[in-house]
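In what follows, a structure is listed as structure tokens, so that the remarks can point back to it.
Coordinate-derived values only; no laboratory data. Keep in mind that what you see is a predicted model, and the values were worked out from it rather than measured. Cβ coordinates were reconstructed from backbone atoms using ideal geometry, including for glycine residues, and neighbour counts include every protein chain displayed.
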Ligand SMILES: Nc1ncnc2c1ncn2[C@@H]1O[C@H](COP(=O)(O)OP(=O)(O)OP(=O)(O)O)[C@@H](O)[C@H]1O
């Protein structure tokens, strides 16, 4: 109960913070409309009583009453329209506020762990929905309560004057309806939470059906029908459960309607009999019936609002929980000094899951300031994991990563990121302009054309981008177009060209001490790869560099090469030293080198010649 109250308070506060003037106006207008029902009913009663006076009717008074009743009804309509418009304003403001708050939090989350948890994504989805709906629904509920309270109090006085037991019956029926809706809200909230992963699967299949990259495999392997069936089946499963709940709700609603109809019929019976027996005037009958209908409609309005608001409030908790996640690292944080000696992994142990296997088992590795370390190892050896740990996307379970001897946990990750540049194996391709695709590497210089082009030149992609239809302003996308729809058509780049763009993005950062390049040239042709590595060597001089590649020839010129195997650095030295040692590196290198050799070009031994 305490939690529910806290949630309600937070949702109401969210709306008031987002749209205070509109909220206050709607509140005032609603208070007016609450009184309007009774006022209209009263004017109608007076009119009917006046008309009932036969020959003594005061026609001017009757006309005045008729005009008054019509004006009240017209005024109520105008107020209703204005309220609807203001509710639209509130909804729009709350949506902006919710998106701002949620995605400020999401981008402040430093660890990548959250993004790998299905529960986090489910919660985010529920939070977005509930936070956009709950404040408005709650305030509509609050308004419905005010409206209902005013209507019920004013109209009950009327009913009470005619038949006190009837007033009690009406209130009882209303209370039963409200209780039933509370139960229904709880069912509905539980179902929303239970179905969130089902809907995420539906979205996943949907995205595969429309994504251009997925479309290639989908066509070639004939996956279209399979994916469509899975999407439809998932949707069907969700719909079946939604429908089952709707059936339960409809049955409950039907019982409540029967109850209400019974109470109305009873009321009509009492008052009509009173009129027949001469105890009530005809105006009293009309007023009584209007009051009964008014009270019932007030309760019905309340009940509808309650069902909607109840579900949203129950799921609104997800929004509050997400906002309460620890975002940026709090507590003491040291300034990250320019790197002088180097970065060191010291007995680093890591696994993605505390129940899963170790990925790093006591890694020791030193990346000297101004020097380059090549990291090699077979698939799954843990190279990219080591890179992610160096970037502090995860925390070590044991051991340390030291920046000039200082444990990196003493720094705010953000401060550390400012001293690094990186390209990742699964680098991003943004559906933005060419200039932005590179400028994002240093947002402070997002519009700095000279710097963007300098970075592009280093990555050897400047000529290509400058020659695009709108040069650097060309959109690198085949699926989006400018928001106004009249921009130049977007273009797509080749895999290797995209990789150069990603590299240029990393090279945007000039004032950095550490470069982390995870497979920066895997998509490049041999000549381009050679050129890029020459550039990296030249441009990277003075920075600590960690280079990961499967093409061992690309790492040949690194100051040292480390071989990662089964979660440990098993060999380290220069290319020559490692070749001379004849270990894992020499084996891998010879294997690759042999793959490039054409037997016709390799000189044969005299025995081979003779054979
Ligand atoms: N996000 C993750 N969650 C759980 N396990 C992961 C995750 N990322 C990687 N792994 C596991 O960690 C191990 C090391 O993966 P990693 O990507 O670091 O290897 P790698 O040496 O970079 O491989 P490759 O040469 O194929 O790129 C693998 O067994 C992989 O399954």
Translational diffusion coefficient (Stokes-Einstein; Kirkwood radius from C-alpha pairs) of the chain at 4 °C, 1.567 mPa s, in µm²/s: 42
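Per 0.36 nm of contour for each residue apart, how much would the distance between residue 369 and residue 407 grow if the chain were fully extended, relative to their Cα-Cα spacing?
Additional length available on full extension: 12.1 nm.
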Cα centroid separation, segment 226-252 to segment 166-198 (Å): 21
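Using Cα pairs closer than 8 Å and at least 6 residues apart in sequence, work out the relative contact order for the chain, in percent.
15
Exposure proxy check: 535, 315 ranked by fewest other beta carbons within 10 Å?
Working: 535 16, 315 24.
Listing 535, 315 from fewest to most nearby Cβ atoms yields 535, 315.
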Segment 423-441 and segment 12-34: distance between their alpha carbon centers, rounded to Å: 44
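Tell me, 354, 300 in order of fewest to most beta-carbon neighbours within 10 Å? Mind dumping the intermediate values first?
On the way: 354 6, 300 17.
Result, fewest neighbours first: 354, 300.
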Modelled label reach - residue 114, point 7 Å along Cα→Cβ, segment 415-429 residues with backbone N closer than 20 Å: 415-418
222 nm mean residue ellipticity, helices alone, for the chain (DSSP H n ≥ 4; -39,500 (n - 2.57); rounded to 500): -22000 deg cm²/dmol
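Counting DSSP beta bridges in the chain, what percent are antiparallel, to the nearest 5?
Values: 20 of 38 bridges.
Bridges in the chain are about 55 percent antiparallel.
Neighbouring Cβ atoms within 10 Å as the yardstick, rank 493, 160 fewest first. Each step should come with its number before you reach the end.
Values: 493 18, 160 14.
Ascending number of Cβ neighbours within 10 Å: 160, 493.
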